[in-house]
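**Q** This is the structure I have questions about; it appears just below.
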Amino acid sequence: MSNIFHAYKLKVDDILGTMAANGDLPKDLDMSRVKVEPPKEAAHGDMATNAAMVLSKAAGKNPRQLGEALAEKMKKMPEIKEVSVAGPGFVNFRLADSEWGGAIRNILIEGIHYGDSKMGRGEKVNIEYVSANPTGPMHAGHVRGAVIGDTLANLLQKAGYDVTKEYYFNDAGNQIEVLTQTAYLRYREALGENIGAIPEGLYPGEYMKDVVNALVARDGKKWLGVPESVWAKPVREFAVDYIMKMIRDDLDIIGIHHEVFSNERVMIEDGTLEKSFNTLMEKGLIYQGTLPPPKGKEMEDWQPVELTLFRSSNFGDSSDRPLKKRDGTWAYIMPDIAYHYNKIQRGFKWMINVLGKDHQGYEEKIRPAIAALAGDKKDVRLNVVYCAMVKLFKNGEPVKLSKRSGNLITLRELVEEVGAGVVRFFMMTRTPDSELDFDFTKVVEQSKDNPVFYVQYAHARCCSVFRKAKEMFPGLDTSPGALAKANIARINTPEELQLVRFMANWPRAIEAAAAEHEPHRVAFYLYDLASEFHAFYHKGNDNVSLRFLQENDKELSLARLALVEAVRTVIASGLAVMGVTPVEEMHG
RNA sequence: GCGCCCGUAGCUCAACUGGAUAGAGUGUUGGCCUCCGAAGCCAAAGGUUGUGGGUUCGACUCCCGCCGGGCGCACCA
C-alpha cells in the first residue's frame with residue numbers, strides 16, 4: 001500500500017495549508033491540481049511539485065515567488081535533502097537517502113502486493129469480457145479482448161476495486177439455432193448417414209464432430225426419426241453445454257477464469273427481459289414507428305418498416321433503436337439491455353465491457369437504456385473498451401481469419417505454438433485501440449525484439465544472482481524478511497538510487513493505468529524496469545565494485561541483494577497483473 | 001453525409017492525461033564477453049509531433065477549421 005509520492009503530496013498539502021493559515025496564501029484555494037511527481041529529467045531531482053504554477057493566479061503572485069516561498073518551508077524538513085525552484089516555477093526536491101532505503105524495505109515487506117492501491121475504495125465494478133457465443137472453440141480473434149479484459153480486471157483489483165469477472169453469452173438467438181441445426185446434421189452423420197457437404201450458413205468446423213460424438217455416447221440413436229420439436233431442445237442444450245465447456249477449457253490455458261457466467265435464456269425465463277421492456281414501456285419510451293433509411297450507405301433493399309422502437313434519442317443517442325425485429329422477435333439489443341438491467345439490480349454501479357472494435361457504437365446504444373432503467377441511480381456508468389484487431393502473420397505472410405475458410409487458428413493452437421505467457425504479454429504491447437501485428441515466427445524465435453523475453457530475462461537474472469549468492473555465502477538467509485533487515489543504507493550509489501526511484505513509480509503506474517483503463521501500460525512499465533535493471537547489471541562488468549556480490553563484504557552484498565529482490569518482486573508483481581508466470585531460468 | 005478512433009524518427013510504437021531538452025525497439029554505423037547469464041550493455045545518427053489557427057505561465061496532449069487513414073452507421077451479435 002505504500003506510495004512514496006502520495007506521502008510527499010500530503011506533506012506539500014500540509015505546508016500549503018500552513019501558508020494559508022499564516023496569510024501567505026488565500027484561504028479556500030483549489031488544490032486539486034497540485035501534484036507531486038517525478039520530474040522528467042532525473043537530474044532535476046527526485047520529485048517535483050507544480051503547486052506554485054497552479055496556484056499562482058489565484059494567489060495573485062508570480063509562480064517563481066510562490067515557488068521560493070514553498071521551497072523555504074520545505075528546506076526545513078529533515079527528510080528533504082535539497083530544494084530548488086526551476087523553470088517556470090517547478091519546485092524540485094531530493095530526498096534523504098534513508099527515505100529510499102525505506103522504499104526498498106516496503107517493497108520487501110509488501111512482496112507481490114507492492115503497488116496495491118486504495119484508489120478504488122472497494123467500489124464494485126463488473127467487467128465483462130470474452131462473451132463469445134457458444135458456437136465453437138475460442139479462436140485467435142477472441143484472444144486480444146480476452147487478455148485485455150482479464151488484465152484490466154486484475155489491474156482494477158490491484159487498484160483497490162471490488163472486481164467481478166463476468167462472461168455473458170447469448171444462447172437464444174439465431175446463432176444458436178444454426179448451431180442446433182448443425183449439431184443435428186452432424187449427429188445423423190455420426191450415426192452413419194451420408195450428409196454430403198455442410199450447407200452454406202451452418203458451421204463447418206470439425207469440432208462439431210466431437211460435440212455429437214459425445215451426444216451419441218450419451219443418448220445413442222434416441223433422436224433419430226423423431227420430429228424437430230422433440231430433438232431440438234435436448235440437442236441444443238447438449239451442444240451449448242459442451243461448447244461452453246470447450247471454451248472454459250480454452251480460456252483456462254491462458255489463465256482466464258470468470259467468476260460469473262450469465263446467459264440470455266435465463267433472463268428470458270426469469271422474466272428480467274420482460275420486466276425491463278415493460279419498465280421502458282411504463283416510462284413512455286416505447287412506440288411503433290418507422291426509422292429513416294441509414295445515410296451514406298448503399299441500401300438497395302431498404303424499405304420502410306414499422307418497428308417497435310425505443311426513444312433512445314431522448315438520452316443523447318443519434319437515433320431511436322428498434323427493440324423488436326419485423327417478425328416480432330427481440331432484436332439483439334433488447335436482451336443486452338435486460339442484461340445490463342440485471343447487473344444494476346445485482347448492485348453494480350460501474351460496468352465495463354470489453355468488445356471488439358467491430359462492435360463500435362454499442363456503448364451509444366446501450367447507455368441510453370441504462371440511463372432510462374437506472375432511474376434515480378444517477379451514478380450508474382458504463383465504459384466500453386474497444387479492442388482493435390490482431391493481424392496474424394506466419395513467415396511474413398498474413399494469416400486469414402475466417403470461419404468458412406477452415407484455416408482458422410484456435411486459441412489452443414496459438415498457445416501450444418508460442419506459450420501462454422508470450423500470448424498474454426504480447427497482446428499488451430499496444431494500446432487496446434490500435435491494431436497489433438502478431439508474428440508467430442518472430443515470437444517463436446525468441447529474438448530480442450520480443451519484449452516478453454526481455455522482461456523474463458531480467459527476472460531470471462535476479463534469480464541467478466541469488467543462486468550465485470548461495471554459492472558464495474553458504475547458508476545465507478536471503479528471504480525477503482531477512483533482507484529487509486539488511487543495512488540498506490549501504491545502497492547509495494547514483495546507479496542504485498536510480499533503480500530505486502524507478503521502482504517507487506510502480507504504484508503510480510498502477511493507478512494511472514487503472515484510471516485510464518489502459519492495461520498495456522503495465523507491460524511498458526515492466527519493459528522499462530527491465531531495461532534499467534539490465535543497464536545497471538552491466539555496469540558491474542566495467543566496474544567490479546558495482547557488482548551485487550562482494551565476497552569480502554557480506555553486509556554490502558546483503559544490502560544489494562535486497563535491491564535485487566526488490567526488482568524481482570516488482571517484476572513478479574507486474575507479471576501477476578498480466579497473468580504471466582515469471583521464470584527463474586531462461587532456457588531453449 | 002453523421003459518429004467514434006487515429007496521424008509522433010525510415011519502420012513498429014511510447015510519452016505518467018496540460019509540464020521542463022518528445023523517448024524506446026527495430027533498421028543503419030561503431031564499440032563491449034578472462035566478467036554476478038552477451039536472449040544483454042554502451043555510443044553515433046535519425047523530428048517543424050499531418051496542417052492552419054486558438055486557449056495559457058506552458059500544448060503531442062484541450063478547442064475550432066482543413067488534409068490523410070481505419071472502423072461503424074435499420075429488422076446481425
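**Q** Ranked highest first by average number of other Cβ atoms within 10 Å, how do A:533-540, A:47-54 line up?
**A** Sorting A:533-540, A:47-54 by mean packing, highest first, produces A:47-54, A:533-540.
**Q** Can you put A:ASP528, A:ASP542 in order of Cβ neighbours within 10 angstrom, beginning with the fewest?
**A** In order of increasing Cβ crowding within 10 Å: A:ASP542, A:ASP528.
**Q** Separate question: Considering the Cα positions of region A:4-95, please state its Rg to one decimal place and its Dmax as a whole number of Å.
**A** 11.9, 34
**Q** Binning at 10 Å from 0, report for region A:451-578 what percent of all alpha-carbon pair distances ends up in each bin.
**A** It works out to 12, 44, 32, 10, 2, in whole percents.
**Q** Along the charge dipole of chain A, pointing to its positive end and built from +1/-1 on Cβ of Lys, Arg, Asp and Glu, which listed residue (A:HIS257, A:PHE453, A:ILE370) has its Cα farthest out?
**A** Ranked along the dipole, the leading option is A:ILE370.
**Q** Moving on to the next point. Less than 17 Å apart at the alpha-carbon level, and either on another chain or at least 8 residues along: which lysines does that give for A:LYS75?
**A** Correct list for A:LYS75: A:LYS9, A:LYS11.
**Q** For A:HIS257, A:HIS340, what's the fewest-to-most ordering of other Cβ within 10 Å of each Cβ?
**A** By the 10 Å Cβ count, ascending: A:HIS257, A:HIS340.
**Q** Follow-up. If eta is 1.567 mPa s and T is 4 °C, what Stokes-Einstein diffusion coefficient results for chain A, Kirkwood Rh from Cα pairs, in µm²/s?
**A** Once the numbers are plugged in, D ends up at 46 µm²/s.
**Q** Fewest Cβ neighbours within 10 Å first, please rank A:MET77, A:MET19 accordingly.
**A** Arranged by neighbour count, lowest to highest, A:MET77, A:MET19 become A:MET77, A:MET19.
**Q** So what is the calculated 222 nm ellipticity per residue for chain A, using -39500 (n - 2.57) for each DSSP H run with n of 4 or more, over all residues, to the nearest 500 deg cm²/dmol?
**A** Values: 21 runs with 289 residues, N = 588.
Computed mean residue ellipticity for chain A: -16000 deg cm²/dmol.
**Q** Arranged from highest to lowest average of other beta-carbon atoms within 10 Å per residue, in what order do the peptides A:477-487, A:146-156 appear?
**A** Packing proxy ranking, top to bottom: A:146-156, A:477-487.
**Q** Using only Cα atoms, what Kirkwood radius does region A:247-337 have, in angstroms?
**A** 15.8
Throughout, read-outs are computed from the coordinates displayed, never taken from laboratory work. It should be emphasised that the depicted structure is a prediction, and the values quoted were computed from it without experimental measurement. Note that we place each Cβ from the backbone using ideal geometry, even for glycine, and neighbour counts take in every protein chain shown.
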